[in-house]
Amino acid sequence: MKLSFVIFLSSVLTINSYLINPLLFAQQEEPKKDVQVKEDDRFKEEVDEKMKYYKEKYEETFDAPFEVVYRAAKQSVSDLNCMIMNDSYSQTDEGLYKGKVKSDICVLVDNKDSTFDVLKKFSVDLPIIRGGVWQNGGIQYSFILKETKDGKVHVTLKGEMSGFEEYVTYLRHFWESNGYLETMMLERLKNNVDGTLK
């Protein structure tokens, strides 16, 4: 008796729900509409335009003698009218060469009115100094060269942005580049190596 009453009550409630809220069943039965997504958009990452050159490492391997790549690195710094702070090379116990070429700070901008905009364009995060005035800004390049056993030369390039703030801190501040200038420097190095080999 109890079981048939429960079944009867369940039927009445179901019919009642349908009559009171016919959309309840309609929503359950209606298939979900697929949102149309373009195939290209599905895998496209949103990348900030100024960060498209940013990498963990900036490196290149050259199929050229060590001496050629070493001189091309120095030439690439000189092409920017920038001084070389230090350069050296030596031979390992295996007879392979390794070297380093470090530029002085290569000035990018030396005009108070436009320094902030130029530095922001080439930086990951430009330091925020309330009330600060950037007098000038630049980048310093460090090339690490290593000759490999197959006679090639592996080059790792590191760039460091900096600027002199003259109103609040009166200090030179250092921070990370967004990779554009390092990418252009590696292109310059490649062209200088290729130009020597021709």
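Taken together, the values in this text are just the output of simple stated rules run on the coordinates, not laboratory data. Every value quoted in this text rests on a predicted model; they were computed, and no experiment measured them. Backbone-built Cβ (ideal geometry, glycine too); neighbour counts: all protein chains shown.
The H on the amide N of ILE84, modeled in the peptide plane, is under 5 Å from the matching H of ASP104, each at least 5 residues off or on a different chain.
The string of couplings for the stretch 183-198 from the Karplus curve (6.51, -1.76, 1.60, θ = phi - 60°) is 4, 5, 5, 5, 4, 4, 4, 4, 5, 5, 5, 4, x, 6, 6, 6 Hz, one whole number per residue in order, with x for Gly and Pro. Sequence-ordered 3J(HN,Hα) estimates for the stretch 134-142 from the Karplus curve with 6.51, -1.76 and 1.60 and θ = phi - 60° stand at 7, 7, 7, x, x, 9, 10, 9, 10 Hz, glycine and proline given as x. Available extension along the chain between ILE128 and LEU197 is 20.3 nm, counting 0.36 nm per residue and deducting the alpha carbon span. In this simple spin-label approximation, PHE116 and GLU187 carry label points 7 Å from Cα along the Cα→Cβ vector, and these lie 2.9 nm apart.
Charge tally for ASP194 (other residues, Cβ to Cβ under 15 Å; Lys, Arg +1; Asp, Glu -1): +1. When the Cα positions of GLN75, GLY132, LEU119 are compared along the charge dipole of the stretch 41-163, GLY132 comes out farthest toward the positive end, with charges on each C-beta of Lys, Arg, Asp and Glu.
Can you list the GluC sites (Glu not before Pro) in the stretch 51-93 that are in a DSSP coil and have 14 or fewer other beta carbons within 10 angstrom? Intermediate results must be reported in sequence, preceding the final value.
Values: sites: GLU56, GLU59, GLU60, GLU67; in loops: GLU56.
Those that pass, being in a loop and sparsely packed, are GLU56.
Each Cα pair under 8 Å and six or more residues apart adds its sequence gap; the mean of these over the residue count of the stretch 57-178 is a relative contact order of 28 percent.
Can you give me the relative contact order of the stretch 101-158 as a percent, contacts being Cα pairs under 8 Å and 6 or more apart? List each step's numbers first, then the result.
Values: 72 pairs, mean separation 23.0, N = 58.
For the stretch 101-158, the relative contact order is 40 percent.
Karplus-derived 3J(HN,Hα) values for the stretch 84-90, using 6.51 cos²θ - 1.76 cosθ + 1.60 with θ = phi - 60°, are 9, 6, 7, 8, 7, 8, 8 Hz; glycine and proline are entered as x. By the count of other C-beta atoms within 10 Å, a proxy for reagent exposure, ARG172, ARG130 are ordered fewest to most as ARG130, ARG172.
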